[in-house]
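Chemist: Below is the structure I would like to discuss, written out as structure tokens.
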Amino acid sequence: MLEASGKAWEQRELEFNVTTNIEDVLFNGSPRFTEIKLNDFLAFELYGRGILRANRNVLLKEFFREPSKHICDAGVLVEIQINDAYVRMDIAVWNEMFFDEDIRKLHENGVHKLFEWSEAAAEVKASVERITKQFLDAAVIESMSPMTMSAPIKLEGFYESVYNARWNHVVEVSDGEGTEMEVREGEPPQPWTYKAAGYTLEKDVGAEGPGAPRLRLMVLTSDQGWPYSWKEDESIRDCHVNCEAERVWNIVKKDLTKWFGTHRGTYSAPEPRVLIGTSGIGKSMNAGSYLLYQLLHYDAEQLPMVAYFIGNRTFLFDKIAKTVSVYMGEASILNIVGGFARRGFKGYIIYDVALKGHQPSIGLPCKGWGMIVVTPPDKNNYEWWAKQMGAEEFIINCPEENDVKAMCSWMKRNQIPQEQAEYWKEVRGRMNNVGPILRSIFGKQAYDDRIKACQQAVDGMNALKFEGYLDIGYCCLSNDSDLSRKLVKVVRIRREYNIESPLNVLISPHVERETLSRLENEMKQSDFILLVLRFWDYVPPYLIEKYAVSAFLNKNLLRAIRLRIKELRLPGRGESHRCALKEHSDKSFTRKEVLPPPERLSNPVAMDHWVLYEPKVKNFPLVDGFFFVDTNPKTLVGLRMSTASKHRTTTSTVRRFTECLAAYFEGWEELSRDMSWDIIYVQHEIYRPMEGRQKFEVVNSDNLGDDENREIAAFCREKVRQYLAALSSADARRGEALRR
């Protein structure tokens, strides 16, 4: 019996496919060792040594649980146990018992077939023994290999639907009083254009002609929907393409051009890339689908295959046969693409990280294939793979307000203007509350769920959670958290050398107001100011107006400014000039004084040194605040928060500033004689830095004659010096550490 069983084990080899039962995978369809009787085993393998009476002849699964209970002679038992046949059978029987227990667990979790194992949740897979997982994972790979897999599912008509998607577009036109959206048929005659920026691209805003209709949205309609939604009950037919989605395609197209270009032998495949964007903004449905469409229209001889992977499904688009097939299981993409790569076929993979924490295989992309990973800003989804592959990361911004308005115009194009306006007003209000999350702003139920979750997150917010989970104001992508998904969006900024970087900011004006209001009340003012400094270009203007000057009172910020000061010198001026703030590094402000609008000041005040003056005047000229240093002659130091790489200052602006000073201070004419000015621009280092001295432009106006223009211009040239202090989030954190 045992001999026959052994032959059956050796001879019976199943070819696995996705519908194979997990029992057949684990036991390979062969007789079970656990069901063999002990005496049969002893007779065939050990020449009858230790054979028991018939009434004690137990199954091997009973025997191996407690051998000494069934063979009482210790000497005989030792002789049996040192035999190789015993050792092999011991391992085999225990493995089968482990398998039996794991099969029971998997059945309880609804896993009966191999494809159900491939799609099982991580916790279900973790519940079984390691050997069980290894067997089943290997079987999944085998089932998906080109030689043994069952025929893939052909999706009839789906290739043609995607390839022949219909074009429409929405433009923004001026009607004399404002702008409105207009839906037009077909492809836009003038698509967006892009120019090089660092290692990627940015839209060329200057290429848009003044007064011409401005392209806002392109719409591609596939009757069968797009792969992103093919698993859903209702496929999504419209792919909304804004300038950000078009930018993604232009970056990939640039890679393909480089790959197939004049230096064709230089590159074995295009550079692997990672596209990172806020969850729910349409990067998968819109950017991913549009990228698929464009890749299908790319030269089929050069790029005959496109694979779209999402969840546990791989959609293989064969551009030569004009078919699309779906393969089940996470392991399928590596085997499918690998098989074609070995046969010399080239292609491109769109890998959508739909499952949290599922990084691509290190085997991807295969030789001769390009690849882009589309992911939310969670490093667990891509970081390890990206480092191994040397993949280039880039950011897709959230849709702008007018992009969403164009989407509303398209969706409600068949309704009367009043109904269109009402719908846009409703969607705009939702966007103000929860942010530009397309998944949550078009439908009432989705919005209600989202705003409830956001409000709960805001209500539970405190400084500790804010610092620990959100990374607001930092140029980094954190591991995803429930709080960050509800309250944070990622925006693209340009750092030094025009390098593209992500910046974490609060997701909407409503969340911004609610969260910062809570933190403003909870935190010490100095801590709150340091927080605001990290992302001042993305906080409400009232906070900048309220805290810009107060920020300079912070000793740590003042220390950082002194360390980072760099002179912006006039061309041709050889000698450098040490800034008064840095020259007197042992000094700090004695106090702050608020200056009202000049017309409300009853009498001028006495000027004092090292007092930080803050004009509470809307659109105060030239600076945000200033102070005086008792040098000989005296020095006025102006402080200006800046996000721009250039500042246009006119002679009339300088005149208005001096008029305000004359109104504020007693004896200004005498005080200001021979006085020099140091203007310090304070920037966050994430912004493009100022290059060289900022110009003072002579502008003719009714208030200034030619002589006064020339006099002010000469003063600016001879007496005004400019400095730049580029600070970083690290300076704020360093200040916090020093304070502790």
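The numbers here are math on the coordinates, done by the rules we state, and not lab data. As the structure is a prediction and not an experimental result, all values here were calculated from the model. Glycine gets a Cβ as well: all are built from the backbone with ideal geometry, and neighbour counts include every protein chain shown.
Chemist: Provide the packing ranking of 625-632, 291-298, i.e. peptides ordered by the mean count of other C-beta atoms within 10 Å per residue, highest first.
Modeler: On the way: 625-632: 17.5, 291-298: 19.9.
Going by the mean number of other Cβ atoms within 10 Å, highest first, we get 291-298, 625-632.
Chemist: At R0 = 51 Å, how high is the FRET efficiency between residue 105 and residue 342 if r is their beta carbon distance? Nearest 0.05 is fine.
Modeler: FRET efficiency, residue 105 to residue 342: 0.85.
Chemist: Once fully extended, how much extra length lies between residue 258 and residue 570, figured as 0.36 nm per residue of separation less the alpha-carbon to alpha-carbon distance?
Modeler: Values: separation 312, 0.36 × 312 = 112.32 nm, distance 4.17 nm.
Gain on stretching residue 258 to residue 570: 108.2 nm.
Chemist: Can you pull the one-decimal nm distance between simple spin-label points at residue 19 and residue 156, each 7 Å off the Cα toward Cβ?
Modeler: 1.8 nm
Chemist: State, to one decimal in nm, how far the label point of residue 718 lies from the label point of residue 593, with both points 7 Å from Cα in the Cβ direction.
Modeler: With each label placed 7 Å out from Cα toward Cβ, I get 3.0 nm.
Chemist: Going 7 Å from the Cα of residue 428 along its beta-carbon direction, which residues of the range 393-409 have the amide nitrogen within less than 15 Å of the resulting point?
Modeler: 400-409
Chemist: Need the full-extension length gain, residue 400 to residue 520, defined as separation in residues times 0.36 nm minus the C-alpha distance. One decimal, nm. Present the calculation step by step, with values, prior to reporting the outcome.
Modeler: Numbers: separation 120, 0.36 × 120 = 43.20 nm, distance 2.79 nm.
Gain on extension, residue 400 to residue 520, equals 40.4 nm.
Chemist: Specify the inter-centroid distance of the range 88-136 and the range 590-652, based on alpha-carbon positions, in whole Å.
Modeler: Here the answer is 74 Å between Cα centres.
Chemist: Would you mind checking the range 504-524 for residues with the amide N under 20 Å from a putative spin-label position 7 Å along Cα→C-beta of residue 455?
Modeler: 507-519
Chemist: Express the relative contact order of the range 595-696 as a whole percentage, based on alpha carbon pairs under 8 Å and six or more residues apart in sequence.
Modeler: Answer for the range 595-696 is 32 percent.
Chemist: Among the GluC sites (Glu not before Pro) in the range 364-410, which ones are in a DSSP loop with at most 16 other Cβ atoms within 10 Å of the Cβ? Mind listing them?
Modeler: Passing sites in the range 364-410 are 400.
Chemist: With the contact rule set at Cα under 8 Å and sequence spacing of 6 or more, what percent relative contact order holds for the range 415-522?
Modeler: Contact order relative to length: 28 percent.
Chemist: Can you pull out the GluC sites (Glu not before Pro) in the range 408-446 whose DSSP state is coil and whose Cβ has at most 15 other Cβ atoms within 10 Å?
Modeler: none
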